[in-house]
Amino acid sequence: MKHNKNHDNARSAGPQLEPVRFEFTHRTAATVCLAGTFNDWQPEAKPMHPVGDGRWLKETVLPPGTYEYCLVVDGEWMPDPQARETVPNPFGGRNSVLKVAGSPEAAHLADAEQLPLKNTNQ
């Protein structure tokens, strides 16, 4: 059997998954979950884990894209206070927006979009 040199460098058929880390602090919360477009708004699908001192953590992987989500703290839905962007939701509240870039270069460009433009002609 011949070795196909191109096979080793072939991209996988599925989407590239990127690591995502959610952090939240709530001193009295008994449960914290994530619900969003990445899990069909099912909070039980992504419970966060307590790491002490009222801090909660969830590490996961997602394909590149833009997602809306909320934190579900002891059954109460709320936007993530650390989110850079929120949008109104149909229930009169707000959803947090998460943008997952597909590469370090794309992440850098996404961060640059948040910076104010400088006028260098002064």
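The values are calculated or read from the model by the stated rules, or taken from the named source; none is laboratory data. In this text the structure is predicted, and so the values were computed from the model without any measurement. Neighbour counts run over all protein chains shown; Cβ positions are idealised from the backbone, glycine included. In case anyone asks, the SASA skips ligands and DNA or RNA and just uses the protein heavy atoms, side chains included. Shrake-Rupley method; radii C 1.70, N 1.55, O 1.52, S 1.80 Å.
Would you be able to say whether some residue in region 63-75 is open to solvent by 40 Å² or more (accessible area, probe 1.4 Å) and within 12 Å of residue 33 (Cα to Cα)?
Yes, region 63-75 contains at least one residue that is open to solvent by 40 Å² or more (accessible area, probe 1.4 Å) and within 12 Å of residue 33 (Cα to Cα).
For residues that are among the aliphatic types (A, V, I, L, M) and open to solvent by less than 30 Å² (accessible area, probe 1.4 Å), tally how many sit in region 76-96.
Residues of region 76-96 among the aliphatic types (A, V, I, L, M): 78, 83, 87.
Retained after the next criterion (residues that are open to solvent by less than 30 Å² (accessible area, probe 1.4 Å)): 83.
The qualifying residues number 1.
On the basis of being at pLDDT 95 or above, open to solvent by 40 Å² or more (accessible area, probe 1.4 Å), of a type in the set (Ser, Thr, Tyr) and outside any loop (DSSP other than H, G, I, E, B), does residue 28 make the cut? Spell out how you get there, then give the answer.
Numbers: at pLDDT 95 or above: yes; open to solvent by 40 Å² or more (accessible area, probe 1.4 Å): yes; of a type in the set (Ser, Thr, Tyr): yes; outside any loop (DSSP other than H, G, I, E, B): no.
In short, no.
Quick one: is residue 42 on the phi < 0 side of the Ramachandran plot, touching a residue at least 12 places away in the same chain (Cβ under 8 Å) and either of a type in the set (Phe, Trp, Tyr) or out of contact with any Phe, Trp or Tyr (no Cβ under 7 Å at 6 or more places or on another chain) (or both)?
Here the answer is no, as residue 42 does not meet what is asked.
Can you pull out every residue in region 31-41 that is assigned to a loop (DSSP other than H, G, I, E, B) and either open to solvent by 80 Å² or more (accessible area, probe 1.4 Å) or of a type in the set (Phe, Trp, Tyr) (or both)?
Matches in region 31-41: 40, 41.
Name the residue that is nearest to residue 23 (Cα to Cα), counting only residues in region 52-62 that are among the aliphatic types (A, V, I, L, M) and surrounded by fewer than 16 Cβ atoms within 10 Å (Cβ to Cβ).
Among residues in region 52-62 that are among the aliphatic types (A, V, I, L, M) and surrounded by fewer than 16 Cβ atoms within 10 Å (Cβ to Cβ), the one nearest to residue 23 (Cα to Cα) is 57.
Residue under question is residue 99, and the condition is that it be open to solvent by 80 Å² or more (accessible area, probe 1.4 Å) and modelled with pLDDT of 95 or more; does it hold?
Spelling it out, residue 99 is indeed open to solvent by 80 Å² or more (accessible area, probe 1.4 Å) and modelled with pLDDT of 95 or more.
Considering every residue within region 57-73, establish whether at least one is over 14 Å from the mean Cα position of the chain (by Cα) and without any contact (Cβ under 8 Å) to a residue 40 or more places away in the chain.
Taking every residue of region 57-73 in turn, none turns out to be over 14 Å from the mean Cα position of the chain (by Cα) and without any contact (Cβ under 8 Å) to a residue 40 or more places away in the chain.
Do you know which residues across region 45-100 are hydroxyl-bearing (Ser, Thr, Tyr) and not in a strand (DSSP E or B)?
Result: no residue meets the conditions.
Output the number of residues of region 42-51 satisfying the condition of being out of contact with any helix residue (DSSP H, G or I) (no Cβ under 9 Å at 6 or more places or on another chain) and open to solvent by 40 Å² or more (accessible area, probe 1.4 Å).
The qualifying residues number 6.
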